[in-house]
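The values are calculated or read from the model by the stated rules, or taken from the named source; none is laboratory data. Since this is a predicted model, take the numbers as computed values, not measurements. No Cβ is skipped: glycine too gets one built from the backbone with ideal geometry, and neighbour counts run over all protein chains shown.
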Amino acid sequence: MNKNPVLVIKDLRKSYIPGKPVLRGIDFSVYPGEIIGYIGANGAGKSTTIKIILGLLPIDEGEITIFGEPIDPSHGDFKQRIGYVPENGELYENLSPAEYFDFLGILYGLSPETTERKAKALMKILGIDGNYHNRIASFSKGMKQKILIVSSLLHNPDILILDEPLNGLDANSVMVFKEVLSTLAKKGKTIFYSSHIMEVVEKISDRIILLVDGKVVADGSFEDLSAQNQEASLEGLFNDLTGFTNHEQLAEDFVRILEEES
Amino acid sequence: MKKRFADRLDFLSAPLEKMGCDWEKTKAVLDLQLILDARRKSTSSKKKGKREYGIFQMMALMYGITGAFTALIVLPISDSYVRVSLGFFFIFLMSGLIMITDYSAIILDRQGQLILQTKPIDQISLNIAKILHIFTYMGFMTLVLGLPLLIVEGFRDGLSGIFTCLLAYIGMDLVTVVFTAFLYAGLLRLFSGEKLRDMIQILQVGMTIIMVLSYQVFSRGIELQDTLARLTPEWWHLLLPSQWYASWMTAGNSSLVWALRGTGLIMPIVLILVYLKVLAPRFDSMLSRFDENKEELDLKKLTKTMKRQRSIAKLVTSTTEESAGFLFGYRLLKRERKVQLIVIPQLALGIIFPVLFLAPMILRGMSVAELREIPMYYSLYMSGFMVVPMGLYGMKSEYFQASWIFNALPVQDPKKMKRGLMKSFFIRYQLPVFLIPTLMLLGFYGFRYFPEIISIFFLLCLFARLSHRGFGTEYPFSEDVAAVQENKSKLLGMMMLNMAMIIIIGLLHGVIAHLLHAAWILLPFSIGLAIYAWETDRFLKKIQRES
């Protein structure tokens with residue numbers, strides 16, 4: 001690809017407790033139009049990477065550039081071009097979507113009218129219109145997730161960072177949202193997609209980055225990776241690369257314990 | 001296996017099992033609830049190595065102090081009947097307050113019940129576990145609260161005093177808990193959905209205000225001693241549970257006295273039976289009323305409100321980020337029920353403090369003209385007593401985990417947004433506390449002390465801003481309100497510090513105004529400082545340093 005990368009991570013290191021590194025030198029570059037499946041076992045360092053990219057956590061060592069500039073946590077400017085759906089995204093549920101979006105809109109530099117028009121239209125497409133002024137606390141899990149998705153896209157960002165974004169969504173909304181992602185990618189937006197659901201990652205990503213113990217162990221398209229490792233599914237590939245092969249034995253043990261006499 | 005707390009209640013097993021309760025399961029549920037309570041975080045502090053006291057100890061300390069204070073107030077009263085009447089009344093008020101502020105959540109808890117109902121355990125056992133859960137706390141807290149009075153009674157009236165106290169504490173607790181449950185049941189019948197939550201909120205805030213204010217009035221009620229000395233049992237005492245038990249201490253032997261005593265013995269038992277037999281089985285299904293029908297919204301009005309809020313923001317903030325913070329906080333504070341439950345009673349206290357200070361003089365029969373001659377306007381400083389506790393509780397949120405959003409947004413200058421957030425709290429909750437007594441005093445004195453009163457008003461605004469120094473560097477609304485609420489001794493400490501600082505400011509004011517005769521100079525000075533403090537972060541090193 002001859003385009004300029006939107007995001008470059010060089011030798012990124014981070015530890016919360018000295019001597020126990022969470023990230024042990026991560027390197028990769030991301031280009032416009034890519035959908036990246038960012039995967040790894042629990043505790044591999046996915047969320048830490050994402051938080052660092054957003055400037056929520058300081059860097060121990062290494063370098064991150066976004067749109068050609070090193071990130072500067074004291075200046076929030078670069079966040080104007082990022083949309084973020086965190087895992088278990090909590091919301092100030094005592095507010096209504098109207099009030100929440102109004103706040104985001106002001107900081108994204110949208111007029112109140114634009115915010116309201118866009119947010120209402122997006123909510124309508126996701127099937128939750130008519131709740132614009134209700135407390136978010138009264139919403140179902142899926143509805144809250146939709147509010148998070150709309151919040152992350154309201155300002156038409158160039159990079160989307162999504163952590164389990166389909167959490168709680170109904171099947172129809174999942175289809176719409178996947179379609180939205182591939183359309184956005186075609187328009188040159190970059191999507192950073194982190195999830196534990198391998199089927200979805202396999203389907204939507206055109207590049208997969210696998211993290212094991214704070215290091216990138218695989219980086220490439222699903223086709224390339226599966227050819228290299230002779231695995232037909234991303235799930236199998238994931239088990240292979242994380243060194244996990246005894247799932248059948250574990251399952252058998254599990255059931256046997258259930259059937260033990262009390 | 002370690003002996004569980006619930007095992008100590010084994011003596012209750014026979015009658016409860018007769019009611020259809022599976023005692024072993026009940027004990028298991030009760031134990032789990034108590035473990036969960038013990039592990040609730042008592043402080044929002046993330047520092048490691050700092051010893052964290054259990055919520056339990058903290059609250060016990062707080063109520064112990066209140067109880068000792070109560071005992072001290074009633075100690076000089078020589079007549080036993082009058083003494084316990086007043087003492088029991090205090091304790092009744094306080095235990096009602098404890099019930100409403102701390103343990104309503106158990107009665108109205110649905111989450112836990114929803115989980116437990118999927119397990120093979122019957123409703124009766126669950127209900128009994130729930131009520132034992134509440135009584136475990138109420139019993140303990142009432143004992144802590146009532147112990148000083150019990151000791152006083154032990155000395156004054158010997159064994160009979162002690163027994164009367166114990167009987168009163170048990171009886172009043174039962175009445176309080178069951179009465180509260182019936183109140184909620186009434187609301188659950190009448191309302192549903194968000195309206196129901198609002199009504200419960202109003203009930204809780206209202207009851208808390210009434211109880212806190214009565215406690216304040218009565219604890220300053222030395223003037224009432226003459227009236228109280230003539231206290232005798234009356235028919236309307238049948239409505240006041242504290243009098244049922246106080247009646248054991250009267251020498252009278254009329255049928256009314258026996259009616260009161262009898263009511264005190266029978267009523268708790270009747271109430272608890274009615275609760276278990278009639279109310280409890282229906283209560284859990286009534287709780288589903290919370291999820292019923294969506295509120296009917298008046299969209300025109302809502303749009304108008306949002307517009308009006310924007311114009312307020314324009315008036316009090318100068319940058320986009322500040323105004324974003326202000327609007328966010330202003331709207332959030334309007335709807336944060338848990339925050340309101342704590343802060344609104346504090347607000348009421350702040351307003352009433354100056355009035356309470358003036359009340360004894362009015363009671364002593366001083367005329368308005370005489371009062372006007374005394375510079376009583378200094379009492380306005382007392383409305384500043386609640387500033388720190390209000391801020392400490394008020395700038396927290398039930399949904400504090402949502403604060404990631406502040407860091408995910410393109411904020412140029414976090415200080416400005418924080419200032420906006422803090423302004424929203426000031427305007428919603430603190431300004432009224434200062435403004436209402438100020439206007440009252442201006443009305444009372446006319447223009448006579450105009451510069452003094454207005455100076456105090458602005459010095460209080462300045463103090464409110466300075467108090468943010470103590471609130472750390474986090475964004476407002478990024479810590480849990482429940483964590484602070486449980487830490488009552490911190491509140492006590494902060495209130496002391498708050499009072500000390502207000503008194504220092506007041507003394508300085510007095511020196512400047514009276515020794516230097518510089519009241520008119522103080523006025524522009526205080527206005528300037530207050531505006532300067534609110535429009536910059538100069539006085540707030542901590543906040544400035546961060547992010």
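Return a yes/no flag: does the stretch B:276-285 have any residue that is more than 30 Å from B:E194 (Cα to Cα) and among the charged types (D, E, K, R). Full working, then the answer.
Here is the first cut: in the stretch B:276-285, the ones more than 30 Å from B:E194 (Cα to Cα) are none.
No, every residue in the stretch B:276-285 fails to be more than 30 Å from B:E194 (Cα to Cα) and among the charged types (D, E, K, R).
Yes or no: the stretch B:375-394 includes at least one residue that is in contact (Cβ under 8 Å) with a residue 12 or more places away in the chain, under 27 Å from B:L462 (Cα atoms), under 20 Å from the mean Cα position of the chain (by Cα) and within 14 Å of chain A (Cβ to nearest Cβ).
Kept after step one, since they are in contact (Cβ under 8 Å) with a residue 12 or more places away in the chain, are these residues of the stretch B:375-394: B:375-394.
Going one step further and asking which of them are under 27 Å from B:L462 (Cα atoms), we end up with B:375-394.
When the remaining residues are screened for being under 20 Å from the mean Cα position of the chain (by Cα), the result is B:382-394.
From what's left, within 14 Å of chain A (Cβ to nearest Cβ): B:394.
Yes, the stretch B:375-394 has at least one match.
Look at the stretch B:334-343 and say how many of its residues are in contact with a Phe, Trp or Tyr (Cβ under 6 Å, 6 or more places away or on another chain) and closer than 15 Å to A:I136 by Cα.
Going residue by residue through the stretch B:334-343, those that are in contact with a Phe, Trp or Tyr (Cβ under 6 Å, 6 or more places away or on another chain) are B:342-343.
In the following step, the residues that additionally are closer than 15 Å to A:I136 by Cα were identified as none.
Qualifying residue count, the stretch B:334-343: 0.
Please specify each residue of the stretch B:318-339 satisfying the condition of being β-branched (V, I, T), more than 7 Å from every other protein chain (Cβ to nearest Cβ) and part of a helix (DSSP H, G or I). Outline the logic, then answer.
From the stretch B:318-339, those β-branched (V, I, T) are B:319-320, B:339; that's our starting set.
Right, trim to more than 7 Å from every other protein chain (Cβ to nearest Cβ) and you get B:319, B:339.
Within the stretch B:318-339, just B:V339 meets the criteria.
Residues checked against (1) more than 27 Å from the chain's Cα centre (by Cα); (2) more than 14 Å from every other protein chain (Cβ to nearest Cβ); (3) among the small types (G, A, S); (4) in a helix (DSSP H, G or I):
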{"position": "B:S242", "(1), (2), (3), (4)": "no, yes, yes, yes"}
{"position": "B:A246", "(1), (2), (3), (4)": "no, yes, yes, yes"}
{"position": "B:N253", "(1), (2), (3), (4)": "yes, yes, no, no"}
{"position": "B:P281", "(1), (2), (3), (4)": "yes, yes, no, yes"}
{"position": "B:K304", "(1), (2), (3), (4)": "yes, no, no, yes"}
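Being within 21 Å of B:A500 (Cα to Cα) and either assigned by TED's automatic domain parsing to the domain that holds B:L460 or touching a Gly at 6+ places or on another chain (Cβ under 6 Å) (or both), is that true of even one residue in the stretch B:397-410? Show your work before the answer.
At the first step, the residues of the stretch B:397-410 found to be within 21 Å of B:A500 (Cα to Cα) are none.
No, because not a single residue in the stretch B:397-410 is within 21 Å of B:A500 (Cα to Cα) and either assigned by TED's automatic domain parsing to the domain that holds B:L460 or touching a Gly at 6+ places or on another chain (Cβ under 6 Å) (or both).
Conditions (1) at pLDDT 85 or above; (2) out of contact with any strand residue (DSSP E or B) (no Cβ under 7 Å at 6 or more places or on another chain); (3) closer than 20 Å to A:D27 by Cβ, marked per residue:
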site: A:V217; (1), (2), (3): yes, no, yes
site: A:S221; (1), (2), (3): yes, no, yes
site: A:Q228; (1), (2), (3): no, yes, yes
site: A:E231; (1), (2), (3): no, yes, no
site: A:L237; (1), (2), (3): no, yes, no
site: A:L241; (1), (2), (3): no, no, yes
site: A:R256; (1), (2), (3): yes, yes, no
site: A:S262; (1), (2), (3): no, yes, no
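Name, by its number, the condition in (1) of a type outside the set (F, W, Y); (2) within 14 Å of chain B (Cβ to nearest Cβ); (3) under 22 Å from the mean Cα position of the chain (by Cα) that does not hold for A:L95.
(3)
Which condition number does B:E322 fail, the rest of (1) crowded, with 18+ Cβ neighbours inside 10 Å; (2) closer than 30 Å to B:G443 by Cα; (3) of a type outside the set (A, V, I, L, M) being met?
(2)
So which pairs qualify, if the first residue must be in the stretch B:434-449 and over 19 Å from B:V387 (Cα atoms), the second must be in a helix (DSSP H, G or I) and among the basic types (K, R), the Cβ gap must be under 8 Å, and the two must be at least 6 apart or on different chains?
B:F444/B:R372; B:Y445/B:R372; B:R448/B:R372
Could you pull out the residue among A:E69, A:E61 that is loosely packed, with under 15 Cβ neighbours inside 10 Å and touching a residue at least 40 places away in the same chain (Cβ under 8 Å)? Steps first, answer last, please.
Numbers: A:E69 fails: touching a residue at least 40 places away in the same chain (Cβ under 8 Å).
Exactly one residue qualifies, and that residue is A:E61.
Restricted to the stretch A:178-199, and to residues that are at pLDDT 90 or above and aliphatic (A, V, I, L, M), which residue is farthest from A:K3 (Cα to Cα)?
A:V180
Within the group A:S29, A:S15, A:S96, A:S74, which residue is of a type in the set (S, T, Y) and in contact with a Ser or Thr (Cβ under 8 Å, 6 or more places away or on another chain)?
Values: A:S29 fails: in contact with a Ser or Thr (Cβ under 8 Å, 6 or more places away or on another chain); A:S15 fails: in contact with a Ser or Thr (Cβ under 8 Å, 6 or more places away or on another chain); A:S96 fails: in contact with a Ser or Thr (Cβ under 8 Å, 6 or more places away or on another chain).
The conditions single out A:S74.
Under 7 Å between Cβ atoms, which residue pairs at least 6 apart in sequence (or on different chains) link something in the stretch A:189-209 that is under 18 Å from A:V85 (Cβ atoms) with a partner that is modelled with pLDDT under 90 and surrounded by fewer than 18 Cβ atoms within 10 Å (Cβ to Cβ)?
none
Looking at (1) surrounded by fewer than 17 Cβ atoms within 10 Å (Cβ to Cβ); (2) in a helix (DSSP H, G or I), which is the only condition B:R448 fails?
Exception for B:R448: condition (2).
Got a sec? Which of B:L265, B:L302, B:L260 is surrounded by 17 or more Cβ atoms within 10 Å (Cβ to Cβ) and of a type outside the set (K, R)?
Numbers: B:L265 fails: surrounded by 17 or more Cβ atoms within 10 Å (Cβ to Cβ); B:L302 fails: surrounded by 17 or more Cβ atoms within 10 Å (Cβ to Cβ).
Only one candidate qualifies: B:L260.
Which pairs turn up if I take residues in the stretch B:267-287 that are under 15 Å from B:C21 (Cα atoms) and look for partners that are modelled with pLDDT under 85 with beta carbon separation below 7 Å, at least 6 apart in sequence or on another chain?
B:L276/B:M19; B:L276/B:N127; B:A280/B:N127; B:P281/B:Q123
Suppose we keep only residues that are of a type in the set (F, W, Y) and touching a Pro at 6+ places or on another chain (Cβ under 8 Å) within the stretch B:396-439. Which one would you say is nearest to the other protein chains (Cβ to nearest Cβ)?
If we filter the stretch B:396-439 for residues that are of a type in the set (F, W, Y), which is where we start, we get B:399-400, B:404, B:406, B:425-426, B:429, B:434.
Filter again for touching a Pro at 6+ places or on another chain (Cβ under 8 Å), leaving B:404, B:406, B:425.
Details: B:W404: 6, B:F406: 9, B:F425: 14 Å.
Here the residue is B:W404.
Which of the residues that make up the stretch A:17-41 are without any contact (Cβ under 8 Å) to a residue 24 or more places away in the chain and of a type outside the set (K, R)?
Taking the stretch A:17-41 first, the residues without any contact (Cβ under 8 Å) to a residue 24 or more places away in the chain are A:17-20.
The answer is A:I17, A:P18, A:G19.
Give the number of residues within the stretch A:215-242 that are small (G, A, S) and surrounded by 14 or more Cβ atoms within 10 Å (Cβ to Cβ).
Step one: filter the stretch A:215-242 for residues small (G, A, S), giving A:218, A:220-221, A:226-227, A:232-233, A:236.
Right, trim to surrounded by 14 or more Cβ atoms within 10 Å (Cβ to Cβ) and you get A:218, A:220, A:226, A:236.
Count: 4.
State all residues of the stretch A:68-93 that are at pLDDT below 90 and of a type in the set (S, T, Y); if no residue qualifies, say none.
A:S74
List the pairs whose first member sits in the stretch B:514-525 and is in the same structural domain as B:F450 (by TED's automatic domain parsing) and closer than 12 Å to B:I454 by Cα, whose second member is surrounded by 13 or more Cβ atoms within 10 Å (Cβ to Cβ) and of a type in the set (D, E, K, R), and whose Cβ atoms are under 8 Å apart, counting only residues at least 6 apart or on separate chains?
From residues that are in the same structural domain as B:F450 (by TED's automatic domain parsing) and closer than 12 Å to B:I454 by Cα, the pairs are B:A519/B:E452; B:L522/B:E452.
In the stretch A:140-157, is there at least one residue being within 11 Å of chain B (Cβ to nearest Cβ), surrounded by fewer than 19 Cβ atoms within 10 Å (Cβ to Cβ) and hydroxyl-bearing (S, T, Y)?
Checked against the condition, which is being within 11 Å of chain B (Cβ to nearest Cβ), surrounded by fewer than 19 Cβ atoms within 10 Å (Cβ to Cβ) and hydroxyl-bearing (S, T, Y), the stretch A:140-157 yields at least one hit.
Being assigned to a helix (DSSP H, G or I), in the same structural domain as B:Y184 (by TED's automatic domain parsing) and of a type in the set (A, V, I, L, M, F, W, C) is the requirement here; does B:I121 meet it?
Details: assigned to a helix (DSSP H, G or I): no; in the same structural domain as B:Y184 (by TED's automatic domain parsing): yes; of a type in the set (A, V, I, L, M, F, W, C): yes.
In short, no.
Looking at this structure, is A:L110 facing another protein chain (nearest Cβ under 9 Å) and of a type in the set (A, V, I, L, M, F, W, C)?
Numbers: facing another protein chain (nearest Cβ under 9 Å): no; of a type in the set (A, V, I, L, M, F, W, C): yes.
When the stated conditions are applied, A:L110 does not pass them.
Conditions tested, residue by residue: (1) at pLDDT 85 or above; (2) more than 18 Å from B:A68 (Cα to Cα); (3) more than 14 Å from every other protein chain (Cβ to nearest Cβ).
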{"site": "B:M141", "(1), (2), (3)": "yes, no, yes"}
{"site": "B:R189", "(1), (2), (3)": "yes, yes, yes"}
{"site": "B:Y215", "(1), (2), (3)": "no, no, yes"}
{"site": "B:E223", "(1), (2), (3)": "no, yes, yes"}
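Which of the following residues is of a type outside the set (D, E, K, R), part of a helix (DSSP H, G or I) and assigned by TED's automatic domain parsing to the domain that holds B:V177: B:L287, B:L315? It would help to see each step written out before you state the result.
Details: B:L315 fails: assigned by TED's automatic domain parsing to the domain that holds B:V177.
One residue alone meets the criteria, B:L287.
For the stretch B:452-481, how many residues meet the condition of being assigned to a helix (DSSP H, G or I), buried (at least 20 other Cβ atoms within 10 Å of the Cβ) and of a type outside the set (S, T, N, Q)? Steps first, answer last, please.
First, the residues of the stretch B:452-481 that are assigned to a helix (DSSP H, G or I): B:452-471, B:481.
Next, from what is left, pick out any that are buried (at least 20 other Cβ atoms within 10 Å of the Cβ): B:452-453, B:455-465, B:467-468, B:481.
Within this subset, residues satisfying the condition of being of a type outside the set (S, T, N, Q) are B:452-453, B:456-465, B:468, B:481.
Final tally of qualifying residues: 14.
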